1. Restricting to region 71-129, what's the tally of residues that are outside any loop (DSSP other than H, G, I, E, B), within 16 Å of the ligand (Cβ to nearest atom) and over 23 Å from residue 37 (Cα atoms)?
2. Quick check on my filter: what residues within region 111-152 are under 17 Å from residue 167 (Cα atoms) and over 22 Å from the mean Cα position of the chain (by Cα)?
3. Just one of 307, 259, 271 is under 30 Å from residue 168 (Cα atoms) and not assigned by TED's automatic domain parsing to the domain that holds residue 178; which is it?
4. With the requirement that a residue be buried (at least 20 other Cβ atoms within 10 Å of the Cβ), within 15 Å of the ligand (Cβ to nearest atom) and more than 11 Å from residue 215 (Cβ to Cβ), what does region 134-152 give you?
5. Would region 309-320 turn up any residue that is within 14 Å of the ligand (Cβ to nearest atom) and either closer than 29 Å to residue 160 by Cα or surrounded by fewer than 22 Cβ atoms within 10 Å (Cβ to Cβ) (or both)?
6. Quick one: residue 345 ticks every box in (1) under 25 Å from the mean Cα position of the chain (by Cα); (2) at pLDDT 90 or above except a single one, so which number is it?
7. In the list 353, 384, which residue meets the criterion of being more than 21 Å from residue 204 (Cα to Cα), more than 13 Å from the ligand (Cβ to nearest atom) and surrounded by fewer than 16 Cβ atoms within 10 Å (Cβ to Cβ)?
8. Here is a list of conditions, (1) surrounded by 20 or more Cβ atoms within 10 Å (Cβ to Cβ); (2) farther than 23 Å from residue 80 by Cβ, and residue 295 meets all of them except one; can you say which number that is?
Ligand SMILES: Cc1cc2nc3c(=O)[nH]c(=O)nc-3n(C[C@H](O)[C@H](O)[C@H](O)COP(=O)(O)OP(=O)(O)OC[C@H]3O[C@@H](n4cnc5c(N)ncnc54)[C@H](O)[C@@H]3O)c2cc1C
C-alpha cells in the first residue's frame, strides 16, 4: 500500500487548520456544523479561497492544477477540512467531469473547461439518470441525433442535483441503437442556458437538496462538445462513477459527526439521565467508530490502487456502501440523542430559537442522509457490482 509519509503530519494539519480559521466565515462554519443548507455564493466563495491557495483539486495531476501531495497528505487534508466544518467541495466539476475531460477530452476541451472548473467560475450538474433509467442506466432514452455540425438532443433527465444553479451539464445520450444497450451512448457537455433546456425543481423531504428535473427539447449541442469517441460514453461514465463513488465515502464528515455525537453525549449526560442509559449510547458510538476506522483504512487502500484508468469499480462500490451506511447510522444516533428537540423541524434553514445549541439541523441532516444509500447508484446495485466482480456471478 502506498502509505508514504513525505510530510510532517502535525505541521500539515496545523497549516490546514489555520488556513480554515483565517478564511472560513464563522457563519458558514456554524451552518455546516448544524447541517444547514449553504447558499451557492457561500460554496463559490470557499472554493475560490481554496483555489487561491492552490488546494482546490488535490487529486488532479500537479501539471493541471493538482497539489502534488501524497495520498496520505490528501487524506489528512480532507479529514482536517471536515473536522474544521469546512464546506465539502461540490463534486460535479472537480471530482466528476474534470477527470473525464483531462483524461479523454480534446486539447481544446481541456483548455476551455479545466480552468473554469478549478476557479468555480462554471458550475456543472450530472445528467445521467432518467425517469426510466436509474439503476438500469443503460435503459436511458435521451437521444442525440447527428445533424452534421451538431447533435439535436431530446429527452428528460431526473434527479439532477444543482440543476437550477448549474451553467453546464455533462450528460449521457444515445447516438445510435446497438444490440448491446451500453453501446451507442455518448458523453456530451451541454449548456444549461441553451434554447430547449427547461429546469424544474423537485421538492424533497429535507427541503434543501436542490434536486431538479431537466427537460431537453431540440437542444443543439455542437460536435466539439462530444467527449471522447462517439458511442463510447458508457466507458467514460463508468470511469466517472468510480470517482464519484470512491469520493462519497465521506470519512472526514463522519469523523466530524462522531466527535459531535461524543460532545453531545457528554453535554446531555452532565444534566440528564438517558432513558436507555449512557452505556447503551456508548456502545452504539463504539460500534460506529470501529466501522469508521476500518473504512478509513479501506479508503487508503482504494486510493493507493488508483491508476490513470480510475478506481477498481468494486472497491469504489465497497467504500460507497460502507460510507453511506455509517453516515446514516451517525445521523440516526444524533437524532436519538437530540430526543424531543430533534422533532422540531423547520427545514434546512432553521428559524425557531429553542432548545440547546446542538438542536438545529439534526433532523434536516438525518432526512438528507436518507439519500446516501441511493445517490451515486443505490447500495443494492453496488452489491451487485461487487458480486459480479469478486464472486464471478
Ligand atoms: C438526492 C439524490 C440526488 C441525485 N443526484 C443525481 C444527479 O445529480 N444526477 C444523476 O444523474 N442522478 C442523480 N440521482 C439519481 C440516482 O443515481 C438514482 O436515484 C439511483 O441510481 C437509483 O435509481 P432510481 O431512483 O431510478 O431507482 P430504481 O432504479 O427505480 O430502483 C428502485 C429500488 O430498486 C432497487 N433495484 C433496482 N434494480 C435492482 C437490481 N438489479 N438488483 C437489486 N435491487 C435493485 C434499487 O436499489 C432501489 O432500492 C440522485 C438521486 C437522489 C436520491
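The values are calculated or read from the model by the stated rules, or taken from the named source; none is laboratory data. It should be emphasised that the depicted structure is a prediction, and the values quoted were computed from it without experimental measurement. Glycine gets a Cβ as well: all are built from the backbone with ideal geometry, and neighbour counts include every protein chain shown.
1. 3
2. Scanning region 111-152 gives a single hit, 112.
3. 307
4. Across region 134-152, the qualifying residues are 137, 140.
5. yes
6. All conditions pass for residue 345, except number (2).
7. Going through 353, 384 in turn, just one is more than 21 Å from residue 204 (Cα to Cα), more than 13 Å from the ligand (Cβ to nearest atom) and surrounded by fewer than 16 Cβ atoms within 10 Å (Cβ to Cβ): 353.
8. It fails just one condition, (2).
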